[in-house]
Amino acid sequence: MARSKSKRKGRARDGAGNGEADAAAKAAANFRTIARNKRATFNYAILERFEAGLALTGTEIKAIREGKASIAEAYVRPRDRELWLVGATIARYEAASYGNHDPTRERKLLLHRREIRVLTEGADQKGLTVVPIHLYLKRGLAKLEIGLGRGKRQYDKRQAIAKREAERRMRQSVRK
């Protein structure tokens, strides 16, 4: 019995402060980015962000887990009190036979009613649109981050580019 107590004391001493590292490692293991829509944040000022689930078939989730998905040209369309992801491409799953999916089919987004209402009302307003931002796996489930955004004007985009370039030059000068 005395032996087990000393082991526990030794472990506690050796593992002190590693709880945060363990939590970060677990979080990283439970989260994996599959696809990003870089043009979304460049072309739109995102006002609100939401996390939506996706209604997928078996071969679609397997293809997503292999990283074979793109949301670069996708958009979100409200229809019949539901939101649908249109234009996203999930490549065919190679190991599947006749039961494979259509790579460009529309996919239903899974959200709470309140969130759907906020997004559809926002999309009805002039100049606002719902755009997919980030497709990722969270604890084995496919999730899509969508945002309610307002289209940026050309001068806003130029300002963003100038700001990014200035920050890059400052980081380079600090390194030297």
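The values are calculated or read from the model by the stated rules, or taken from the named source; none is laboratory data. Because the structure is a prediction, the values reported are computed rather than measured. Virtual Cβ from ideal backbone geometry, glycine too; neighbours counted across all protein chains shown. The protein model used for the area step is the full one, side chains on, heavy atoms only, and it has no ligands, DNA or RNA in it. Shrake-Rupley method; radii C 1.70, N 1.55, O 1.52, S 1.80 Å.
Within the listed set Arg164, Arg92, Arg49, the Gaussian network model of the chain (springs between alpha-carbon atoms below 10 Å) gives the highest mean-square fluctuation for Arg164. Look at the dipole of segment 28-176 built from charges on Cβ: of Ala162, Ala91, Ser173, the Cα furthest out on the positive end belongs to Ser173. Taking all protein chains together, Phe50, Phe31 sort by accessible area into Phe31, Phe50, largest first [probe 1.4 Å]. Between segment 121-158 and segment 38-90, how far is it from one alpha carbon centroid to the other, in angstrom? If you average the Cα positions of each part, the centres end up 10 Å apart.
What number, rounded to the nearest 500 deg cm²/dmol, is the helix-based mean residue ellipticity at 222 nm of the chain, given -39500 (n - 2.57) per DSSP H run of at least four residues and division by all its residues? Computed ellipticity for the chain at 222 nm equals -12500 deg cm²/dmol. Comparing Ala142, Ala21, Ala91 in a Gaussian network model of the chain, where Cα atoms under 10 Å apart are tied by springs, the biggest mean-square fluctuation is seen for Ala21.
Seen from every direction in turn and averaged, the convex hull around the alpha carbons of the chain projects onto 17.9 nm². Pairs of Cα atoms nearer than 8 Å and 6+ residues apart set the relative contact order; for the chain it is 28 percent.
For the listed residue pairs Lys68/Lys157; Lys138/Lys163; Lys68/Lys152; Lys38/Lys126, the alpha carbons are over 26 angstrom apart in Lys68/Lys157; Lys138/Lys163; Lys68/Lys152.
In debye, nearest 20: dipole of the chain around its Cα centre with unit charges on the Cβ of K, R (+) and D, E (-)? Magnitude of the dipole: close to 1100 debye.
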